[in-house]
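Read through the structure below, which is laid out as structure tokens, and then see the notes.
The values are calculated or read from the model by the stated rules, or taken from the named source; none is laboratory data. Note that the structure is a prediction, hence the values are computed from the model and not measured. Positions of Cβ are generated from backbone atoms using ideal geometry, with glycine treated the same way; all protein chains shown enter the neighbour counts. Only protein heavy atoms, including side chains, enter the accessible area calculation; ligands, DNA and RNA are left aside. Shrake-Rupley method; radii C 1.70, N 1.55, O 1.52, S 1.80 Å.
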Amino acid sequence: MTFEVGRVRALYPALADGYAYLDGAAGTQVPQAVVDAIAGAYRQGIGNVGGAFPASRRSGGIVAECRRAVADLVGGDPDGVVLGPSMTALTYRLAAALSAGWGEGDEVVISRLDHDANVRPWLQAAARRGMTVRWAEPDLATGELPAGQYDALLSPRTRLVAVTAASNVLGTRPEVAAIAARAHAAGALTYVDAVHAAAHGPVDAAALGADLFATSAYKWSGPHVAAVVADPALLARLRPDKLEPSPDRVPERFERGTLPFADFAGVVAAVEHLATLDPDATGTRRERLLASMAAAEAHEQELFAVLSGGLETMGHVTSYGKAASRTATAYFNVAGRTPRAVAAHLAARKVNAWNGHNYAWELTGALGIRDAGGAVRAGLVHYNDRSDVDRLLEGVAELGG
Ligand SMILES: Cc1ncc(COP(=O)(O)O)c(C=O)c1O
């Protein structure tokens, strides 16, 4: 397994501005190859799909390639890759289509660890249908989401379990496979939010037991588009609202209006890029992705040990979350400073870090920090290096005493 962070960083033009980009959990930078792919699509000429001329066929080809690339990244079927503008938009779309078949007395199980995009669409759909909502609770001291609690939350009336594959603030990676096994035994579907998880290591939608698996390309070096991946047979059972003349095929049935074809060329380039993070990886693109993302994860975790260990030694810092399995994502507060003031202090030292609830609305409410501005999030992705971590730690240390 090989990972050379210097080589990787040189592929990202934005990283040359001297900032430590620790804001990857809110969106990553893109490598030059992604910029080139998007510009190249426009330069070459693209048309709307379905026409009799080459520019139109090029767009159709890009869409097909994009589905294959996303399927390779997550271990899915290209025919079950629904593309759209964001995970939030797609989740609302799927919630509307799924809940059309649900009724009064049916149940959904959602988790208080989740980003609001995997909470509110289900809560609102459930309210419209007169359904019962059951909450899975994280252990606030550790950030874990114990899988055992699902035994008591599920019933024969459970229609769907929505759960994150990784918390976007605490980094917690719940035991999704164990949760999904329980959901399936109860006859429920699973909707897995992998927006944060997919950026930080190998992912396998089938192994996780995800019936519907959501990911956003802008979290893993791609442009601002997203996908929900499912078994085409499941999608074929759903009838989303759509225009009369638009395709009724799966997955097109779920995709509204004209799609951002050039951005999809960027998604393909991003997946190709991720597959080369371990330059020694061989085999199919899926195999190279698994090896490369494992190498990237090892790199992130090595740096994260320094980052989280450094914060732990600082008496003026309170860190949230210490799950056994977590992404390289730190969420912390500094005594006597608002999260915004800490982020501003760091920004003045050329460190990009987020402050706030980061849409982990229920979780930060339960932690009792939401109304006071949440906390500071510093997250690592594959292109971060030791100097990024050192600069963050020096900046936070300056705020002590
Ligand atoms: C874990 C998680 N889920 C969902 C979302 C929402 O994704 P999108 O911006 O594509 O709607 C985010 C965005 O930050 C996220 O981190």
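Structure values in brief
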item	result
Close pairs from region 69-90: first more than 17 Å from residue 192 (Cβ to Cβ) and open to solvent by 10 Å² or more (accessible area, probe 1.4 Å), partner away from the ligand (no atom under 13 Å from the Cβ) and part of a helix (DSSP H, G or I), Cβ under 7 Å, at least 6 apart	72/271; 72/285; 72/286; 72/289; 78/67; 78/68; 78/71; 79/232
Region 20-76, subset in contact with a Lys or Arg (Cβ under 7 Å, 6 or more places away or on another chain) and part of a helix (DSSP H, G or I), residue nearest to the ligand (Cβ to nearest atom)	25
Hits in region 124-141 (condition: open to solvent by 40 Å² or more (accessible area, probe 1.4 Å) and closer than 30 Å to residue 318 by Cβ)	135, 137, 139, 140, 141
Candidates 277, 238, filtered to the one that is in a loop (DSSP other than H, G, I, E, B), in contact (Cβ under 8 Å) with a residue 60 or more places away in the chain, open to solvent by less than 30 Å² (accessible area, probe 1.4 Å) and under 27 Å from residue 189 (Cα atoms)	238
Residues (of a type in the set (D, E, K, R) and within 18 Å of residue 304 (Cβ to Cβ)) located in region 169-187	173
Residue within region 161-168 that is within 13 Å of the ligand (Cβ to nearest atom) and more than 26 Å from residue 307 (Cβ to Cβ) present	yes
Region 78-94 - residue that is within 13 Å of the ligand (Cβ to nearest atom) and in a helix (DSSP H, G or I) and, of those, nearest to residue 230 (Cα to Cα)	94
Strands (runs of 3 or more DSSP E) within region 125-228 that include 2 or more residues in contact with a Pro (Cβ under 7 Å, 6 or more places away or on another chain) and aromatic (Phe, Trp, Tyr)	none
Pair list, Cβ under 9 Å, 6 or more apart: region 27-38 residue touching a residue at least 40 places away in the same chain (Cβ under 8 Å), other residue of a type in the set (D, E, K, R) and within 16 Å of the ligand (Cβ to nearest atom)	27/219; 28/219; 38/263
Selection within region 283-320 - touching a residue at least 12 places away in the same chain (Cβ under 8 Å) and over 26 Å from residue 74 (Cα atoms)	306, 307, 308, 310, 311, 314, 315, 316, 317, 318, 319, 320
Selected residue [out of contact with any Gly (no Cβ under 6 Å at 6 or more places or on another chain) and within 20 Å of residue 329 (Cβ to Cβ)] from 215, 158	215
Region 222-238: number of residues that are touching a Gly at 6+ places or on another chain (Cβ under 9 Å) and either within 14 Å of residue 100 (Cβ to Cβ) or more than 16 Å from the ligand (Cβ to nearest atom) (or both)	8
For residue 121: the one exception among (1) surrounded by fewer than 19 Cβ atoms within 10 Å (Cβ to Cβ); (2) within 15 Å of the ligand (Cβ to nearest atom)	(1)
Cross-chain or 6+ apart pairs with Cβ under 8 Å, region 162-190 first and farther than 15 Å from residue 215 by Cα, then modelled with pLDDT under 95 and open to solvent by less than 10 Å² (accessible area, probe 1.4 Å)	none
Any hit, region 201-221, residues being more than 16 Å from the ligand (Cβ to nearest atom), aliphatic (A, V, I, L, M) and within 28 Å of residue 38 (Cβ to Cβ)	no
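This table checks each residue for (1) closer than 25 Å to residue 17 by Cα; (2) within 17 Å of the chain's Cα centre (by Cα); (3) surrounded by fewer than 20 Cβ atoms within 10 Å (Cβ to Cβ).
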site: 333; (1), (2), (3): no, no, no
site: 339; (1), (2), (3): yes, no, no
site: 344; (1), (2), (3): yes, no, yes
site: 356; (1), (2), (3): yes, no, yes
site: 370; (1), (2), (3): no, no, yes
site: 378; (1), (2), (3): yes, yes, no
site: 381; (1), (2), (3): yes, yes, no
site: 384; (1), (2), (3): yes, no, no
site: 387; (1), (2), (3): yes, no, yes
